[in-house]
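Peer 1: Below you will find the structure I want to go over with you.
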Amino acid sequence: MNPKMAITPKGLKYLLIGLIVMISGYILMMGGGSTDPGVFSWDMFDFRRLVAAPVVIVLGIVIEVVAIMGVFEDKKEDK
């Protein structure tokens, strides 16, 4: 591995996992609208959109911060 590399392969995996978690949070937030603008839909105020999706998105951001700020050491040493 190149010692000048800013991010390790393990950190890159965490970045991709965090991105996937955040995208899944945005997917959870989709929907809930009404096809008729004259009809109000209470579906936009359910647990999935108000609580679960933001928690998943924040979890993805935390994973991204850990991936960027974390120091990951390789277990094998090159001699």
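The values are calculated or read from the model by the stated rules, or taken from the named source; none is laboratory data. Since this is a predicted model, take the numbers as computed values, not measurements. Don't worry about glycine lacking a Cβ; one is built from the backbone with ideal geometry, like all the others, and counts go over all protein chains shown. SASA here: full protein model, heavy atoms, side chains in, ligands and nucleic acids out. Shrake-Rupley method; radii C 1.70, N 1.55, O 1.52, S 1.80 Å.
Peer 1: Return the FRET efficiency for the residue pair Thr8, Val65: r is the Cβ-Cβ distance, R0 is 22 Å, and the value is rounded to the nearest 0.05.
Peer 2: With R0 = 22 Å, the Cβ-Cβ based efficiency is 0.90.
Peer 1: Please give me, ordered by residue number, the chymotrypsin sites (Phe, Trp or Tyr not before Pro) of the stretch 1-70 that lie in loop per DSSP and have at most 15 other Cβ atoms within 10 Å.
Peer 2: Sparse-neighbourhood loop chymotrypsin sites (Phe, Trp or Tyr not before Pro): Phe40.
Peer 1: What residues have an amide H closer than 5 Å to that of Gly70, excluding those fewer than 5 places away on the same chain, when H is modeled at 1.01 Å from N in the peptide plane?
Peer 2: Under 5 Å from the amide H of Gly70: no residue qualifies.
Peer 1: Pick from Val62, Val39, Val21: which is most flexible by mean-square fluctuation in a GNM of the chain where alpha carbon atoms under 10 Å apart are linked?
Peer 2: The residue with the greatest mean-square fluctuation here is Val39.
Peer 1: Zone of Ala52 (label point 7 Å along Cα→Cβ, backbone N under 16 Å): which residues in the stretch 15-32?
Peer 2: 21-32
Peer 1: With the full set of protein chains in place, find how many percent of the accessible area of the chain is carbon and sulfur; take the probe as 1.4 Å.
Peer 2: 69
Peer 1: Give the long-range amide H neighbours of Ile7: residues separated by 5 or more places, or on another chain, with amide H under 5 Å away, using H modelled in the peptide plane at 1.01 Å from N.
Peer 2: For Ile7, whose amide H was placed from the backbone, there are no distant partners under 5 Å.
Peer 1: Placing +1 at every Lys and Arg Cβ and -1 at every Asp and Glu Cβ, with all other atoms neutral, what dipole size does the stretch 17-79 have around its Cα centre, in debye to the nearest 20?
Peer 2: With Lys and Arg at +1 and Asp and Glu at -1, about 80 debye.
Peer 1: Once phi is turned into ³J(HN,Hα) by the Karplus curve 6.51 cos²θ - 1.76 cosθ + 1.60 with θ = phi - 60°, what whole-Hz value does each residue of the stretch 55-69 show in order, with x for glycine and proline?
Peer 2: 5, 5, 5, 5, 4, x, 5, 4, 4, 5, 5, 5, 5, 7, 8
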